[in-house]
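Structure first, commentary second.
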Amino acid sequence: MSLKLTYYCPFDETTKIIRVPRETDNLYLQLHDSNDKLVNPSKIFKFSKCKTSEPSVHRSIHQYNDFNCFYKAKDIWEFDNIGVSKPPPNIKNAEFIKVKSIENGEVRNYAIVRYLVCGHCDKGAFGFGGYLLDSEQRENHVEIGFDLSTVNPNDLTYFFYY
Ligand SMILES: [Zn+2]
């Protein structure tokens with residue numbers, strides 16, 4: 001049996017957003033786009049942290065409080081109650097995010113296609129659905145004005161702000 005911790009919407013305090021295994025390697029730290037330094041949460045207001053029923057347990061297993069950290073979900077169905085924002089009209093309007101795997105140091109770049117919000121009150125964001133692009137692909141996609149709304153939601157990678 002894998003133990004999981006339930007995360008709740010911090011705005012309405014009752015909606016279950018996701019259950020994350022207590023022991024997981026699927027954690028990623030956000031890097032600055034230009035200099036690859038770790039991103040400090042105080043500088044980023046885009047994402048809101050969910051509450052957990054056991055804040056003390058959460059703190060003790062969380063070694064990455066000083067940095068922006070994300071849990072990579074298997075797919076969108078791993079969330080309990082989640083809403084998604086509309087995709088940006090064009091890749092030129094998209095925001096990009098760079099993350100590094102805590103497990104193996106792998107660095108990945110994503111275009112943010114969907115922001116994840118509470119399925120009940122629509123507040124958030126609690127994470128994002130990203131379209132994987134390396135930096136070369138990113139240039140090409142921007143050049144041709146790639147339409148992110150054509151991307152199948154199943155082809156996105158979903159990250160929960162941890
Ligand atoms: Zn809510």
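Observations on the structure shown:
- In the condition set (1) among the hydrophobic types (A, V, I, L, M, F, W, C); (2) at pLDDT 95 or above; (3) over 11 Å from the mean Cα position of the chain (by Cα), F126 is compliant with all but (3).
- Single match in L133, L156, L148, L116 (criterion: within 16 Å of the ligand (Cβ to nearest atom), of a type in the set (A, V, I, L, M) and open to solvent by less than 80 Å² (accessible area, probe 1.4 Å)): L116
- Identity of the residue in segment 1-26, of a type in the set (A, V, I, L, M) and at pLDDT 95 or above, that ends up farthest from the ligand (Cβ to nearest atom): I18
- Residues within segment 37-92 that are at pLDDT below 90, within 12 Å of the chain's Cα centre (by Cα) and buried (at least 16 other Cβ atoms within 10 Å of the Cβ), tallied: 1
- Residue list for segment 75-134, filter: more than 18 Å from L27 (Cβ to Cβ), among the hydrophobic types (A, V, I, L, M, F, W, C) and not in a strand (DSSP E or B): I76, W77, I91, A94, C121, L133
The values are calculated or read from the model by the stated rules, or taken from the named source; none is laboratory data. Computed from a predicted model, the values in this text were never measured in an experiment. Neighbour counts run over all protein chains shown; Cβ positions are idealised from the backbone, glycine included. Just so you know, the surface numbers come from the protein's heavy atoms only, side chains and all, with ligands and any DNA or RNA stripped out. Shrake-Rupley method; radii C 1.70, N 1.55, O 1.52, S 1.80 Å.
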